[in-house]
Amino acid sequence: MSQTSFYRAFEDRYRGSRDTIKERLRAYAPFTDPLLQQGAPAVALDLGCGRGEWLELLGESGFEARGVDLDEGMLA
């Protein structure tokens, strides 16, 4: 098992599924939603985005969300 596949399996098992993490991250909506009302495009950059749950959630909310991560396996 490669280091990348090991870490992904570890994260899936102990951090939680994508849906579980997205549900937990919804707690930040009171902080991010007002940014959508500012009149300018809401843009977000996530450094170390991992599996991208935060980016996905921001995108669904209306942000132009981009992310970078050093782990190619996580980006896949």
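The values are calculated or read from the model by the stated rules, or taken from the named source; none is laboratory data. If you're wondering where the values come from, they're calculated on a predicted model, not measured in any experiment. Virtual Cβ from ideal backbone geometry, glycine too; neighbours counted across all protein chains shown.
Things to note:
- Being at pLDDT 90 or above, surrounded by 14 or more Cβ atoms within 10 Å (Cβ to Cβ), of a type outside the set (S, T, N, Q) and over 11 Å from the mean Cα position of the chain (by Cα) holds for only one residue in ALA65, ALA42, and it is ALA42.
- Hey, LEU36 more than 26 Å from LEU70 (Cβ to Cβ), surrounded by 10 or more Cβ atoms within 10 Å (Cβ to Cβ) and of a type in the set (A, V, I, L, M, F, W, C) or not: yes
- Number of the exception - MET74 against (1) hydrophobic (A, V, I, L, M, F, W, C); (2) part of a loop (DSSP other than H, G, I, E, B); (3) touching a residue at least 12 places away in the same chain (Cβ under 8 Å): (2)
- Pick from the stretch 41-51, criterion touching a helix residue (DSSP H, G or I) at 6+ places or on another chain (Cβ under 8 Å) and not charged (D, E, K, R), ranking: farthest from ARG8 (Cα to Cα): ALA42
- Residue list for the stretch 1-33, restricted to those being exposed (fewer than 14 other Cβ atoms within 10 Å of the Cβ), β-branched (Val, Ile, Thr) and farther than 12 Å from MET74 by Cβ: THR20
- Of residues in the stretch 1-51 being small (Gly, Ala, Ser) and not in a loop (DSSP other than H, G, I, E, B), the one nearest to SER61 (Cα to Cα): ALA29
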